[in-house]
């Protein structure tokens, strides 16, 4: 959520098509906290709205506690993530998206000729 908010802030100060791409990237980042509780069987709508409210109010250490299905302070819960690991995940996702967008030729195969009687 924190990364999505920062990208949103940067998108507002950027002009042109880059701003639209940045807003879409922020939206994709915001989907991650939705997917986690969905996979855990919790109410993602409620949890994500609480998480967004906490982050909007400056409590950026708030995150999802999937043991209890609530929003909690990840510093108090001793939940840590390696910056290197998180950075690599974002870089890999960005590179994959960029490769998909760079495809400019569609490979197609000519239809197979049908032979009568087969």
Task: Ranked by how many other beta carbons lie within 10 Å on average, peptides 19-32, 86-99 from highest - done: 19-32, 86-99
- [ ] Note the full-extension length gain between residue 115 and residue 89 as 0.36 nm times their separation in residues minus their Cα-Cα distance, in nm to one decimal.
- [x] 4.3 nm
Task: Label point distance in nm, residue 79-residue 17, each placed 7 Å from Cα along Cα→Cβ - done: 3.8 nm
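Could you work out the equivalent-ellipsoid semi-axes for the chain, taking the square root of 5 times each eigenvalue of the Cα gyration tensor, largest first, in whole Å?
Values: eigenvalues 301, 90, 39 Å².
That gives 39, 21, 14 Å for the three semi-axes.
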Open item on the list: I want to check the label-to-label distance for residue 46 and residue 97. Put each point 7 Å from Cα in the C-beta direction and report it in nm to one decimal.
Closed with: 3.1 nm
Open item on the list: Can you compute the FRET efficiency between residue 10 and residue 38 using 1/(1 + (r/R0)^6), with r the Cβ-Cβ distance and R0 = 25 Å? Round to the nearest 0.05.
Closed with: 0.35
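Only the coordinates and a few stated rules stand behind these numbers; no lab work does. Keep in mind that this is a model prediction, so the values were computed, not measured. FYI the Cβ positions are ideal-geometry reconstructions off the backbone, even for glycines, and counts take in every protein chain you see.
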